[in-house]
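All of the numbers you see were taken from the coordinates with simple rules; none came from a lab. Being a predicted model, the structure only gives us computed values, none of them experimental. Using ideal geometry, Cβ is built from the backbone for each residue, glycine included, and neighbour counts are taken over all protein chains shown.
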Amino acid sequence: MRLIMTMRFTYMLFKMKLSRNMAFRFSFFGVFFVDGTMFLVQLLMFNYIYAHVETIGGWSREQMLFFIGTFSLINALNMMLCFFGVISIPEKIRSGKLDLYITKPVNTLFYLSFENIDIGSLPLVLASGCILGYSISGMVIQFTAFKILGYIVLVLTMLVLHYDIMVIIRTITFFVIRATGLERLEGELITLCMKIPGILFKGGFKILFYLLLPYGIMATIPTQFFFEAMSLSGFVYAIAITFIFTCFTLWFFRLGIKNYKSASS
């Protein structure tokens, strides 16, 4: 019963957001243009790099394109579903607007996260799919139901992990005045890991990007799995670390709510 209510609530949020977007069509289609331009710049950059080298970390041009497509797909799904909701959490905490969300008969974090579902990033999702298809077309590869299903599961798992890290960083605002420095760091690290596959990280960088801030595994592990370059332990690791981060995210956000100083108090 609770699941049905949550699904209906999500559908209502989607309809409301779509109505607001279409009421301001210039802003709506402007997102299409910005996301598409960013995606095109990434592709041009990697085409330039591979005009001078044959492989990066043992990965061919097609594998790197698949990696880029995977990271872009995860990022686009995140932007479409929860990005604009999550990034608004610090402002709602500081302004006291969070009071309105706490009093609603739905999970507070769920409401905050999916309030601003934005289909303006849908073209980037489609473009990411095109890049994945193009990269595969340049290789001789055997498709199996297990490989495709496993890849989908890993992409969705990494989407949850991406969401978890975003929420953790912004939940810190419950305990400090601002966390803008961490948010800027987040953007820089995502940009770095979108350009460099995790297989290139060694030593302390691998601990940082595979364990503490696991941006390095988000596109690397799904890509490795698809090309059969990863053992079962890698698959299990991706699931396990996402489970740990999700549990911590839920606990940390509840702790933040307990320490929240209501605007009416």
* Asked: Which whole number of Å³ per residue matches the convex hull of the alpha-carbon atoms in segment 221-265?
  -> 64 Å³
* To do: Just grab the label-to-label distance for SER137 and VAL160, each label 7 Å out from Cα along the Cβ direction, in nm (one decimal).
  => 3.4 nm
* Asked: Points 7 angstrom from Cα along the Cβ direction at LEU255 and ALA145: gap in nanometres?
  -> 4.4 nm
* Structure fact -> Once Lys and Arg are counted +1 and Asp and Glu -1 for all other residues with Cβ under 12 Å from that of GLU183, the total becomes 0
* Asked: Mind checking the dipole of segment 147-265: about its Cα centre, +1 per Lys or Arg Cβ, -1 per Asp or Glu Cβ, Debye to the nearest 20?
  -> 280 debye
* **√(5λ) per eigenvalue of the Cα gyration tensor, segment 108-265, largest first, Å** => 32, 18, 15
* To do: Rank-order 55-61, 134-140, 106-112 by packing density, defined as the average count of other C-beta atoms within 10 Å over each peptide's residues, highest first.
  => 106-112, 55-61, 134-140
* Under 20 Å from the Cα of LYS258 - aspartates and glutamates, other chains or at least 8 residues apart -> GLU91, ASP99, ASP164
* To do: Take each of the peptides 213-220, 98-105, average the number of other beta-carbon atoms within 10 Å over its residues, and list them starting from the highest.
  => 213-220, 98-105
* Structure fact -> Sorted on mean Cβ neighbours within 10 Å (highest first), peptides 230-237, 144-151, 88-95 come out as 88-95, 230-237, 144-151
